[in-house]
1. Output the number of residues of the range 187-199 satisfying the condition of being modelled with pLDDT of 90 or more and part of a loop (DSSP other than H, G, I, E, B).
2. Under 7 Å between Cβ atoms, which residue pairs at least 6 apart in sequence (or on different chains) link something in the range 1-30 that is within 20 Å of Y161 (Cα to Cα) with a partner that is part of a helix (DSSP H, G or I) and of a type in the set (D, E)?
3. Working only within the range 1-56, note down all residues that are in a loop (DSSP other than H, G, I, E, B), of a type in the set (A, V, I, L, M, F, W, C) and under 20 Å from R121 (Cβ atoms).
4. Which residues, counting only those in the range 69-118, are within 19 Å of G200 (Cβ to Cβ) and in a helix (DSSP H, G or I)?
5. Consider A103 carefully, then state whether it is under 15 Å from N63 (Cα atoms), in contact (Cβ under 8 Å) with a residue 12 or more places away in the chain and crowded, with 19+ Cβ neighbours inside 10 Å.
6. Kindly provide the set of residues from the range 107-124 that are closer than 19 Å to P31 by Cβ and surrounded by fewer than 22 Cβ atoms within 10 Å (Cβ to Cβ), ordered by number.
7. Condition test on I184, is it modelled with pLDDT of 95 or more and in a strand (DSSP E or B)?
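The values are calculated or read from the model by the stated rules, or taken from the named source; none is laboratory data. What you see is a predicted model, and the numbers here were worked out from it, not measured in a lab. Neighbour counts run over all protein chains shown; Cβ positions are idealised from the backbone, glycine included.
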Amino acid sequence: MLVEINQDNIDTRLAQQAAELLREGGILIFPTDTVYAMGCDLYNKKALRKLAQLKEVKLSKANFSIICTDLSDLSKYVRHIDRPTYRVLNKNLPGPFTFILNATNEIPRLFDTNRKEIGIRVPDNKIVIEITKELGNPIATTSLHSEDEIQDYFNDPYMIYERFDDKADMIIDGGYGNLVASTIVDCRDGDLEVIRQGIGELEL
């Protein structure tokens, strides 16, 4: 199912419909401020396992990030952040970054893993932020592309629909996406290290 949502004039009913689909265990493909991504309700274990299956990994080995609406609810998912690191997050989010932070015990419980870190995203995209707000908790997410390459079709919602309609329960057409992934910044030990340079230029 392909659903068009205009980022400049979001139809709240469609955002609510997408959130309800996530709540019921559905897989959603949606635009971000980088490449299109797919995700599910962080608190639906069956959906998490399905998302991992689509990436052809076990849930315990999946390297998912979570999308939050802002920094206000981070304390549930990440351990204490020192003030300099928080200032960097606050300066660069919303934006095209994935910040790797030390996870609370909530993360291993949700992902059936012993992971001690979690990637945090707050995309500068009103559509996915509105859907996350309607859901009421973060979305577990992963990029559509493989780690090695981003094909041209990953930025065209109609081509994404043709390729992924049988894998996702809803695909959000939010216009053309980018072909550059997020910048990944490791913040775990207090020293910020860019481990993948993507579209985001980190401001310190």
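1. 6
2. From the range 1-30, the pairs are A15/E130; A15/E134; A19/E134.
3. Matches in the range 1-56: I5, I10, I27, V35, L42.
4. L74, P84, T85, Y86, R87, V88, L89, N90, K91, N92
5. Judged against the criteria, A103 is a match.
6. Scanning the range 107-124 gives G119, D124.
7. Answer is yes for this residue.
Residue-wise test of (1) crowded, with 19+ Cβ neighbours inside 10 Å; (2) at pLDDT 95 or above; (3) among the charged types (D, E, K, R).
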| position | (1), (2), (3) |
| --- | --- |
| Q7 | no, no, no |
| R23 | no, yes, yes |
| K61 | no, no, yes |
| C68 | yes, yes, no |
| D82 | no, no, yes |
| N90 | no, yes, no |
